[in-house]
Amino acid sequence: ELRQLPEGSVVFAGLEASYRAAAYAPVYVAAAPPAHVARTTANRPYERRADIVSFFYRRGVTDVRRRAILRRYGAEWLLVDRARRYPRSFVASLTAAYDDGRYALYPLSPS
C-alpha cells in the first residue's frame, strides 16, 4: 500500500494513478496531468506525460527503453492500474509488493 512506502519515494504510474497516488500518500510521482502542473523548464509536464504514454500505452516500446524511462525519473516503485493498458510483458518479470486486483505496486531494483 502506498502509505507504507517511505516518505518521498518515487512512484512511476499512469497519469490518473499518479494523480491519485500523490493525493493519497507523501510520495513523488514522475508525472501528473499537465493541467495540474506548472509549465516550467524544471517540471516539463508535457515531456513527462509523453514518457508516461511511451511507457504504458505505446506499442513497440522495448523493455530496455522502459527501463531507461524509469531510470530517468529515479523511480523506486511502479504502480499499475489494471483497468488501464499497461506493459504486461514488462510487469511479468516483477514481483508485486501489493496487489488488490485493480492496482499492483512493484518495487524496482536499481539498474
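Values in this text are rule-based calculations from the coordinates and carry no lab data. Just so we're clear, the structure is a prediction, and the values are computed from it rather than from any experiment. No Cβ is skipped: glycine too gets one built from the backbone with ideal geometry, and neighbour counts run over all protein chains shown.
Below, the figures for the structure above:
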| item | result |
| --- | --- |
| Leu108 long-range amide H proximity, modeled H, under 5 Å | Trp77, Leu78 |
| Segments 93-99, 54-60, 103-109, 74-80 sorted - mean Cβ within 10 Å per residue, highest first | 74-80, 103-109, 54-60, 93-99 |
| Cβ crowding within 10 Å averaged over residues, with 30-43, 10-23 ranked highest first | 10-23, 30-43 |
| Square roots of five times the Cα gyration tensor eigenvalues for the chain, Å | 19, 17, 13 |
